[in-house]
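The values are calculated or read from the model by the stated rules, or taken from the named source; none is laboratory data. Remember, it's a predicted structure, so these values are computed and weren't measured experimentally. With ideal geometry, Cβ positions are generated from the backbone for all residues, glycine too; neighbour counts draw on all protein chains shown. For accessibility, only protein heavy atoms count, side chains too; no ligands or nucleic acids. Shrake-Rupley method; radii C 1.70, N 1.55, O 1.52, S 1.80 Å.
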Amino acid sequence: MIAAAAVLAQGGPVIPNFGRGDECARSNGKFCLHWFLDNFDNRFLPRVVEHIEMTLIAVSIGFVIAFSAALLVHRWPRGELWFANLASIFYTIPSIAYFQIMVAVTGIGWTTIEIALISYTLLILFRNTLTGLHGVPPETLDAAEGMGLTRRQMLTRVELPLAMPAIIAGVRVATVTTISLATVAAFITPLGLGAPIFSAIQTGANTDFIAAGVLAILLALIADLVIVVAQRLLSPWQRARGGAT
Amino acid sequence: MSDLLNFYVDNASLLLEKSVATLSIAALGLAIALLLALPSGVWLGHRHAGSFLSINISNAFRALPSLALIAIGLGLIGLSLINIELALVALAVPPILTNSYTAVDGVDPDAVDAARGMGMRDRQVLTKVELPLSWPLIFAGIRTASVYIIATTPLAALAGGGGLGDIIVNQPTYHLVGVIAATIVVVVLAFAVDGLLGLVQRAVTPRGLALPKELQTIVPAADTATTAA
């Protein structure tokens with residue numbers, strides 16, 4: 001920032017953050033690899049880390065809420081429609097509006113971002129947990145009951161393991177969705193990979209646009225892949241059966 | 001609350017104009033996604049081939065953050081309608097493709113056998129048996145896609161302009177009350193379009209084929225099938 005101010009003080013038109021050298025950066029080329037590599041450590045890497053943090057916090061808290069709600073509803077089915085409808089409404093609120101509206105309530109910062117991101121994870125995680133629990137065959141439950149398992153044991157030893165693929169499918173969709181929505185959070189404060197994007201909307205810096213866009217896509221694809229691998233490890237019987245269909 | 005009402009009264013024509021723009025941006029995105037995803041999903045389902053392909057294409061599209069696509073578009077081609085449409089199509093393809101594939105692929109084989117036994121040609125089997133039985137699930141996918149699209153259309157304001165997003169991203173001009181007012185319109189539009197498509201869904205569902213309750217909520221659970229990498 002100080003360096004940028006010094007350059008500005010010398011006068012002459014300067015594209016912000018494009019201080020030094022590099023012909024490509026000065027002429028605002030489509031993608032300046034050199035400039036990108038030079039600035040990766042201070043301009044993009046911290047944003048990637050923030051993006052991962054935002055996503056992990058939102059999906060974890062969202063999971064705790066949605067999972068508990070699903071367990072409650074599993075026992076007392078009346079709440080299902082109530083929770084699903086509430087969570088559906090969040091889904092239709094454009095994220096760019098939601099972040100701004102939450103700023104009026106909780107101010108600018110992480111809390112606001114997380115509240116918005118968590119609300120978007122609820123529907124998917126809730127519905128998938130419930131779908132998984134409902135999908136357990138009645139014969140299996142009868143067998144478990146016949147073996148003398150208590151309700152609690154049935155849940156932890158039979159129902160939850162069998163519901164695991166559906167639950168993880170939900171975590172997977174929730175995670176990539178959160179990574180996508182987290183880019184919009186930078187509209188209110190420069191955190192995450194949206195920050196270079198919104199900065200570029202002001203400056204027109206093409207490399208910022210493309211670098212941040214590609215990094216966000218890579219992050220989502222990698223997260224997706226990691227969860228698939230985790231799913232394979234957590235439900236080995238599926239692999240033995242030749243995969244879910 | 002009265003501020004909100006005043007905003008609606010004072011800006012009725014602006015909101016109407018922006019709503020029409022939002023709907024047309026959304027409709028274009030949905031149309032392109034339908035053209036791409038519906039025939040491919042139906043065809044793959046009819047052949048009972050390519051479950052791997054359709055599921056993986058869906059998963060890959062799902063992992064494309066809308067704003068990232070818009071940003072790349074802005075970097076490569078600058079302000080343009082193409083940016084937002086690209087993002088909207090990426091959102092809408094997975095539910096339409098997955099559902100049309102799953103629906104047609106899952107048609108009761110006995111029904112298909114009976115149709116063939118009656119002397120129907122391949123094309124007739126598709127149009128007279130498989131498609132009618134698949135419409136409910138296909139429409140569920142289209143409804144989900146339309147909700148995703150409408151909720152995301154405001155990002156168009158960053159990508160070249162147009163629609164209610166112009167109000168939502170311009171808090172300095174329209175104040176928080178304007179942002180909230182435009183947001184409510186977006187939510188209402190999403191529910192209205194979903195409801196309208198729900199009526200169509202009911203109309204195209206063959207009599208005698210009960211619509212499962214599960215398909216009627218705004219965003220159905222992600223299919224476990226999506227986990228098959």
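Just need the relative contact order of the range B:2-228 here, percent rounded to a whole number, with Cα pairs under 8 Å and 6+ apart. With pairs under 8 Å counted, the relative contact order is 27 percent. Exposed loop sites were defined as trypsin sites (Lys or Arg not before Pro) in DSSP loop states (anything but H, G, I, E or B) carrying at most 15 other C-beta atoms within 10 Å; in chain A the longest segment without such a site runs A:79-245. Computed from backbone phi with θ = phi - 60° and the Karplus coefficients 6.51, -1.76 and 1.60, the 3J(HN,Hα) list for the range A:91-99 is 4, 8, 7, x, 4, 5, 7, 4, 4 Hz; x is used for glycine and proline. Shown in residue order for the range B:107-124 are the 3J(HN,Hα) couplings computed by the Karplus curve 6.51 cos²θ - 1.76 cosθ + 1.60 at θ = phi - 60°: 4, 3, x, 4, 5, 5, 4, 4, 4, 5, x, 6, x, 5, 7, 3, 4, 5 Hz (x for Gly and Pro). Considering amide H positions built from the backbone, and no H for Pro or chain starts, which residues 5 or more places from B:G161, or on another chain, come under 5 Å of its amide H? Counting only residues 5 or more places away or on other chains, the set is empty.
Our summary gives the range A:49-151 a relative contact order of 42 percent, counting only alpha carbon pairs under 8 angstrom and 6 or more residues apart. Rolling a 1.4 Å probe over the protein heavy atoms of the range A:39-234, with every protein chain left in place, gives an accessible area that is 69 percent carbon and sulfur. Short to long, the 20 Å bins of the Cα pair-distance histogram for the protein assembly as shown hold 22, 53, 22, 3, 0 percent of all pairs. Sorted largest first by accessible area at a 1.4 angstrom probe radius, with every protein chain in place, the residues A:H74, B:H48 fall in the order B:H48, A:H74.
Per residue, the convex hull spanned by the alpha carbons of chain A comes to 152 Å³. Based on Cα contacts under 8 Å between residues 6+ apart, chain A shows a relative contact order of 25 percent. Could you compute the longest span of chain B free of trypsin sites (Lys or Arg not before Pro) located in DSSP loops and having at most 16 other Cβ atoms within 10 Å, not counting the site residues? After excluding every exposed loop site, the longest remaining stretch is B:1-120.
Put simply, chains B and A cover up around 3900 Å² of each other's accessible surface, both sides summed, when a 1.4 Å probe is used. Adding -39500 (n - 2.57) for every DSSP H run of four residues or longer, then dividing by how many residues the protein assembly as shown holds, sets the calculated 222 nm ellipticity at -24000 deg cm²/dmol.
With Cα atoms defining each centre, the range B:112-143 and the range A:110-130 are spaced 37 Å apart in the structure. Across the range A:106-120, computed HN-Hα scalar couplings (Karplus, 6.51 cos²θ - 1.76 cosθ + 1.60, θ = phi - 60°) run 10, x, 7, x, 4, 4, 4, 4, 5, 4, 5, 4, 4, 4, 6 Hz from first to last residue, x flagging Gly and Pro.
Near A:C32, the amide H atoms lying under 5 Å from its own belong to A:T207; only residues 5 or more places off or on other chains count, and H is placed 1.01 Å from N.
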